[in-house]
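To start, the structure itself, in structure tokens.
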Amino acid sequence: MNTPNKLTLLRVLLVPVFMFFMMYDFVPGARYIGAVIFILASLTDWLDGFLARKNNLVTNFGKIMDPLADKMLVTAALLCLTAEGTASSWITLIILSREFIVSGIRIAAAAEGNVIAASWWGKIKTVWQMISIIIALVFGVNLFVTICLWIAAVLTVVSGVDYLAKNAKYLSMK
């Protein structure tokens, strides 16, 4: 297994560690420890992609698992933020719905032997989601955080529409 794929798996393994600190606040500063873990996990997303492209180590495993690892991390964070009242349940619903739809299309494409890599819109969406989640983890509930999270939701819809338009052929009822 190459280094980029190991970093992707590390991101997956950091998800329950992040959630532990977010859900159990008996550790002093647990929220900030969770934020640091989220930041480190988010950085592995950038690093695995950079290393894979730089060293020509792009694999089908990476194309499939990298976006799934991102979805796991973002989902865990949104669920924690929604449970504590920092994120609107509408934002979480919008983002998770898009992720389920895109995953369904990826599964349909894989059934036909195709692997769909993330688009630029998808990458922008993921980066903004992670940035807005970090802001929410650090600052809690306030207007700026709410605006950042809604921008993430709007970018999520835009990237979802782009994804659907580019991959509509996998939605046909054969």
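Mean silhouette area of the range 1-105, derived from the convex hull of its C-alpha atoms and averaged over all directions, reads 7.0 nm².
Shown in residue order for the range 101-117 are the 3J(HN,Hα) couplings computed by the Karplus curve 6.51 cos²θ - 1.76 cosθ + 1.60 at θ = phi - 60°: 4, 5, 4, x, 5, 4, 5, 4, 5, 5, 4, 9, x, 10, 10, 9, 7 Hz (x for Gly and Pro).
Does anything in the range 1-15 have its amide N under 17 Å from the 7 Å Cα→Cβ label point of ASN56, and if so which residues? Flagged as within label range: 2-4. Every pair of different Cα atoms in the range 53-174 enters the Kirkwood calculation, which places the hydrodynamic radius at 15.2 Å. For the residue pairs LYS125/LYS166; LYS71/LYS123; LYS63/LYS169; LYS6/LYS63; LYS123/LYS169, the alpha carbons lie more than 18 Å apart in LYS63/LYS169; LYS123/LYS169.
Compactness check for the range 105-167: Cα Rg over 2.2 N^0.38 Å is 1.37. Remark: spin-label model distance ALA168-ALA30 equals 4.8 nm, labels positioned 7 Å along the Cα→Cβ axis. Tally Lys and Arg at +1 and Asp and Glu at -1 over the other residues with C-beta under 15 Å from the C-beta of LYS6: what net charge comes out? Taking every Cβ under 15 Å from that of LYS6, the sum is -2. Counted residue by residue at 0.36 nm each, then reduced by the alpha carbon distance between them, the extension gain from ILE101 to TRP150 reaches 15.7 nm.
Each reported figure results from applying straightforward, stated rules to the coordinates on display, with no laboratory input. Quick caveat, the model's predicted, so the values are computed rather than measured. Neighbour counts are summed over all protein chains in view; Cβ atoms, including those assigned to glycine, are modelled from backbone coordinates with ideal geometry.
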